[in-house]
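One structure is given below, encoded as structure tokens.
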Amino acid sequence: MILKYLSENPTQKKFAGLFLISTPFWSGDEDWKQGLKLIENLVDKLPQDVPVFLYHCLDDEVVPFDHFREYARHLPAATLREIKSGGHQLNNDMSLIAEDIKSL
């Protein structure tokens, strides 16, 4: 939802980074999905000076790993964190995300 908001609404707020965990990439023609889908030129509309980090476990049982790949395609400059195991909630281990936040 934050990507949708930032890509469709100019903001004056400054962000150190965007950290997206197990994020679904909505697609398809179903009516209920239309309000969730991202604009096609997403990367051009996001704040240009904000690093984007994506985290996704290969064994996520809620959001398939293909969604991570789709984000990688749409956000080529993003830092991608492919995690071997941890399910949808990274086994409640946020240490990798914390290290990335500290790095900024």
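A few points about this structure:
- All of (1) among the hydroxyl-bearing types (Ser, Thr, Tyr); (2) more than 14 Å from Leu3 (Cα to Cα); (3) under 14 Å from the mean Cα position of the chain (by Cα) hold for Tyr71 with one exception: (2).
- Any hit, the range 76-91, residues being among the hydroxyl-bearing types (Ser, Thr, Tyr) and free of Cβ contacts under 8 Å to residues at least 24 places away in the same chain: no
- The range 46-64 residues that are under 13 Å from Leu80 (Cβ atoms) and in a loop (DSSP other than H, G, I, E, B), paired with ones that are modelled with pLDDT of 90 or more and of a type in the set (S, T, N, Q) (beta carbon under 9 Å, 6 or more apart): Pro51/Thr79; Leu58/Ser85
- Which listed residue, of Asp44, Asp100, Asp49, is of a type in the set (Asp, Glu) and in contact with a strand residue (DSSP E or B) (Cβ under 6 Å, 6 or more places away or on another chain): Asp100
- Contact map, the range 23-37: residues that are under 17 Å from Ala78 (Cβ atoms) and surrounded by 12 or more Cβ atoms within 10 Å (Cβ to Cβ) paired with residues that are aromatic (Phe, Trp, Tyr) and at pLDDT 85 or above, Cβ distance under 6 Å, separation 6+ or inter-chain. Pairs shown: Phe25/Tyr71.
- The condition (being of a type in the set (Lys, Arg) and exposed (fewer than 14 other Cβ atoms within 10 Å of the Cβ)) is satisfied by just one residue among Lys45, Lys102: Lys102.
- Hey, Asp29 assigned to a loop (DSSP other than H, G, I, E, B), farther than 20 Å from Ile2 by Cβ, modelled with pLDDT of 95 or more and not aliphatic (A, V, I, L, M) or not: no
The values are calculated or read from the model by the stated rules, or taken from the named source; none is laboratory data. All values reported here derive from a predicted model rather than from experimental measurement. Neighbour counts are summed over all protein chains in view; Cβ atoms, including those assigned to glycine, are modelled from backbone coordinates with ideal geometry.
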